[in-house]
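Reading through the structure tokens given below for one structure.
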């Protein structure tokens, strides 16, 4: 048997399907096929670990979530509302000139080089 013929049988071999005697003797004598079989086994083990491994939520997750929602609801009633019209003057006087400078400064630095 050739390695190409055995390569098609390797995934089934890993899963436990019996192979014929010629393929079995080739796998036992060929280092390349043994390495490929080992890679299949490692991959199958990794896939099985992914299937069985999952994150378990902490027992207090529901209580923590409800506490955060309660604080946010309480804070919404107690804190002042931020309105955009209060900050429009700040935006025109400070933020827009800073944005323009942020765009112009790298352009000027690039031009001077």
Meets criteria (surrounded by 10 or more Cβ atoms within 10 Å (Cβ to Cβ), out of contact with any helix residue (DSSP H, G or I) (no Cβ under 6 Å at 6 or more places or on another chain) and modelled with pLDDT of 85 or more) for residue 107: no
Could you count how many residues in the range 1-18 are part of a loop (DSSP other than H, G, I, E, B) and either touching a strand residue (DSSP E or B) at 6+ places or on another chain (Cβ under 7 Å) or surrounded by 15 or more Cβ atoms within 10 Å (Cβ to Cβ) (or both)? 2
Selection over the range 22-67 where residues are surrounded by 11 or more Cβ atoms within 10 Å (Cβ to Cβ) and not in a helix (DSSP H, G or I) yields a count of 1
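The values are calculated or read from the model by the stated rules, or taken from the named source; none is laboratory data. All figures in this text were calculated on a predicted structure; none of them were measured in a lab. Counting neighbours? That spans all protein chains shown, and the Cβs are built from the backbone with ideal geometry, glycine included.
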